[in-house]
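What follows is a set of notes on a single structure, which appears directly below.
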Amino acid sequence: MPKIKTSKRFLDAYAGLPAEIRKKIDKAIRFLKENPRHPSLQTKPIKGAQGFYEARVDINYRMTYVRLADDTVEMSNVDKHDEALKKP
């Protein structure tokens, strides 16, 4: 199970989202921590952003992250799908 680390940017974006979306993000992060390949996350590399991955929060929102060498996942951004992928 990877350790989860959050960037300031991720925390700032998270804080600005509605409570119902934050609840979904919390659930997605739990899944990521328990099983980074959990089917509901639909994780995959982000094209054009080497080292960054995306994970599904719901139909509209995505989280982005990088994998660090010490079995740590650093959460980078969370936003609506297109915005999250433009600025992972």
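Note that the range 47-58 has calculated 3J(HN,Hα) couplings of 4, x, 9, 4, x, 9, 10, 10, 9, 7, 9, 7 Hz, one per residue in order, obtained from phi through the Karplus relation 6.51 cos²θ - 1.76 cosθ + 1.60 (θ = phi - 60°); glycine and proline are x. Computed over the chain, the percent of Cα pairs more than 15 Å apart is 52.
For the chain, the relative contact order is 31 percent, taking Cα pairs closer than 8 Å that sit 6 or more residues apart in sequence and dividing their mean separation by the residue count.
Would you mind finding the longest exposed-site-free stretch of the chain, with exposed trypsin sites (Lys or Arg not before Pro) meaning DSSP loop and at most 14 other Cβ atoms within 10 Å?
Values: sites that count: ARG37, LYS47.
Longest gap between qualifying sites, sites excluded: 48-88.
Taking each DSSP H run with n ≥ 4 as -39500 (n - 2.57) and averaging over every residue of the chain yields -10000 deg cm²/dmol at 222 nm. Between ASN60 and ARG22, the simple label model (points 7 Å from Cα in the Cβ direction) yields a spacing of 1.7 nm. Amide H contacts for ILE46 (H built 1.01 Å from N in the peptide plane; partners 5 or more residues away or on another chain; cut-off under 5 Å): PHE52, TYR53, GLU54. Extending 7 Å from the Cα toward the beta-carbon at both HIS81 and GLN42 defines two label points whose distance is 0.6 nm. Straight-line reach from LYS27: which lysines have Cα under 17 Å away, leaving out those fewer than 8 places along the same chain? Excluding near neighbours in sequence, the set is LYS3, LYS5, LYS80. Mind checking the per residue accessible area of the chain for me, 1.4 Å probe, whole number of Å²? Averaged over the residues of the chain, the accessible area is 63 Å². Rolling a 1.4 Å probe over the protein heavy atoms of the range 1-49, with every protein chain left in place, gives an accessible area that is 55 percent carbon and sulfur.
The values are calculated or read from the model by the stated rules, or taken from the named source; none is laboratory data. Bear in mind that the values here come from a model prediction, so they are computed numbers and not experimental data. Cβ atoms come from the backbone with ideal geometry, glycine included; neighbour counts cover every protein chain shown. Just so you know, the surface numbers come from the protein's heavy atoms only, side chains and all, with ligands and any DNA or RNA stripped out. Shrake-Rupley method; radii C 1.70, N 1.55, O 1.52, S 1.80 Å.
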